[in-house]
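Undergrad: Please see the structure below; I have some questions.
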Amino acid sequence: MKRTLTLVLMLLMAATGMTQQVASRAKAMRMMSFSKPEYQIKDIKVYTDTMTVYSLSRYVIYPFGEWTSIEQFITGNKLHWYRESGYRKYFDSMEVSVNRMRRLDDSYIDMFYSIWTKKIELLHGYVSDSEVILANGMHVGMTKDEVFGVFFKRYPKSYTADIAVLKVVSGAGEVAEIYTFRGTKLKHIKIETAYKYY
């Protein structure tokens with residue numbers, strides 16, 4: 001009897017897990033139908049409190065805009081940045097010049113000039129300063145509805161109620177923007193990249 005009861009409980013737990021996966025996938029497919037065309041969203045995945053959006057838009061690769069020099073970024077951005085320059089190793093033997101642009105609250109952006117793209121590329125970043133505004137108008141302090149409204153025309157509010165992290169990833173997966181919410185407010189933005197070249 002105990003074995004039968006245990007088996008029934010295990011089957012119920014597995015069925016519940018599959019139902020949740022199907023519900024998450026259905027929610028993701030429905031959200032895709034509401035996406036804005038300029039972001040070219042190709043897939044969405046929802047797992048517990050995280051929504052991952054895969055986008056082919058150049059915005060994801062250049063969230064602060066496209067710049068051809070560090071100086072152009074500093075003057076065009078119209079914010080006071082503290083600049084730290086140094087070198088970092090890539091492929092264990094090659095060193096590249098990396099600039100860390102820092103704000104007083106310890107927000108920072110690591111960037112380098114690419115000889116391949118002739119543009120400033122991002123390596124990492126962490127933004128908690130509400131004065132730092134991304135190229136599409138996104139900034140810390142926005143409401144969750146405002147953030148999702150940047151990527152989607154409309155959507156059922158219940159679909160984002162449990163989402164604490166929105167991760168927007170470029171098509172090839174080389175750049176990810178991670179928007180973390182505390183309650184209904186955007187707490188900080190992280191930028192992660194998989195760049196291994198100069």
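Undergrad: Out of all the residues in region 76-90, which are open to solvent by 100 Å² or more (accessible area, probe 1.4 Å), part of a strand (DSSP E or B) and modelled with pLDDT under 85?
TA: Within region 76-90, Y87, K89 qualify.
Undergrad: Output the residue which, of all residues in region 156-165 that are in a loop (DSSP other than H, G, I, E, B) and in contact (Cβ under 8 Å) with a residue 12 or more places away in the chain, is most open to solvent (accessible area, probe 1.4 Å).
TA: The selected residue is D162.
Undergrad: Can V169 be described as crowded, with 19+ Cβ neighbours inside 10 Å and either under 29 Å from A28 (Cα atoms) or in contact (Cβ under 8 Å) with a residue 40 or more places away in the chain (or both)?
TA: For V169, the condition - crowded, with 19+ Cβ neighbours inside 10 Å and either under 29 Å from A28 (Cα atoms) or in contact (Cβ under 8 Å) with a residue 40 or more places away in the chain (or both) - is met.
Undergrad: Any residue in region 94-113 that's basic (K, R): show its pairings with residues that are open to solvent by less than 60 Å² (accessible area, probe 1.4 Å) at Cβ separation under 7 Å, as long as the two are six or more apart or on different chains.
TA: R100/Y108; R100/D110; R102/W81; R102/Y108; R103/W81; R103/D129; R103/V132
Undergrad: Look at region 131-155 and say how many of its residues are small (G, A, S) and assigned to a helix (DSSP H, G or I).
TA: 1
Undergrad: If I ask for residues that are out of contact with any His (no Cβ under 6 Å at 6 or more places or on another chain), under 22 Å from V169 (Cα atoms) and modelled with pLDDT of 90 or more, which ones from region 101-117 would you list?
TA: S107, Y108, I109, M111
Undergrad: Looking at region 142-155, which of its residues are under 18 Å from Y47 (Cβ atoms) and without any contact (Cβ under 8 Å) to a residue 60 or more places away in the chain?
TA: K144, F148 - these are the residues of region 142-155 that are under 18 Å from Y47 (Cβ atoms) and without any contact (Cβ under 8 Å) to a residue 60 or more places away in the chain.
Undergrad: Which of the residues that make up region 95-104 are farther than 23 Å from T180 by Cβ and open to solvent by 30 Å² or more (accessible area, probe 1.4 Å)?
TA: Residues satisfying the conditions are E95, S97.
Undergrad: What's the total number of residues in region 172-191 that are under 15 Å from the mean Cα position of the chain (by Cα) and open to solvent by less than 70 Å² (accessible area, probe 1.4 Å)?
TA: 13
Undergrad: Taking interchain pairs and intrachain pairs at least six residues apart, which have beta carbon atoms under 8 angstrom, with the first residue in region 57-69 and more than 13 Å from T117 (Cβ to Cβ) and the second of a type in the set (D, E) and at pLDDT below 95?
TA: Listed by first residue and then by second, the contacts come to S57/E38; Y59/E38.
Undergrad: Please specify each residue of region 147-198 satisfying the condition of being among the hydroxyl-bearing types (S, T, Y) and modelled with pLDDT under 95.
TA: If the condition is that a residue be among the hydroxyl-bearing types (S, T, Y) and modelled with pLDDT under 95, then Y155, S158, Y159, T160, S170, T184, T193, Y195, Y197, Y198 are the ones that fit.
Undergrad: Under the condition of being in contact with a Gly (Cβ under 6 Å, 6 or more places away or on another chain) and not hydroxyl-bearing (S, T, Y), which residue from region 105-155 is most open to solvent (accessible area, probe 1.4 Å)?
TA: A135
Undergrad: Another question, if that's okay. Would you call H124 at pLDDT 95 or above and out of contact with any Cys (no Cβ under 7 Å at 6 or more places or on another chain)?
TA: no
Undergrad: Taking W81 as the residue in question, decide whether it is more than 14 Å from the chain's Cα centre (by Cα) and farther than 19 Å from I191 by Cβ.
TA: Taking the combined requirement at face value, the residue does not satisfy it.
Undergrad: Does any residue in region 29-55 that is surrounded by 13 or more Cβ atoms within 10 Å (Cβ to Cβ) come within less than 7 Å, Cβ to Cβ, of a residue that is among the acidic types (D, E) six or more places away or on a different chain, and which pairs are these?
TA: Close Cβ pairs (under 7 Å, with a partner that is among the acidic types (D, E)) amount to Y54/D43.
The values are calculated or read from the model by the stated rules, or taken from the named source; none is laboratory data. Everything quoted here is computed from the prediction, not taken from an experiment. Note: ideal-geometry Cβ built from the backbone for every residue, glycine included; neighbour counts use all protein chains shown. Please note that ligands, DNA and RNA were not included when accessible areas were found on the heavy atoms of the full protein model with its side chains. Shrake-Rupley method; radii C 1.70, N 1.55, O 1.52, S 1.80 Å.
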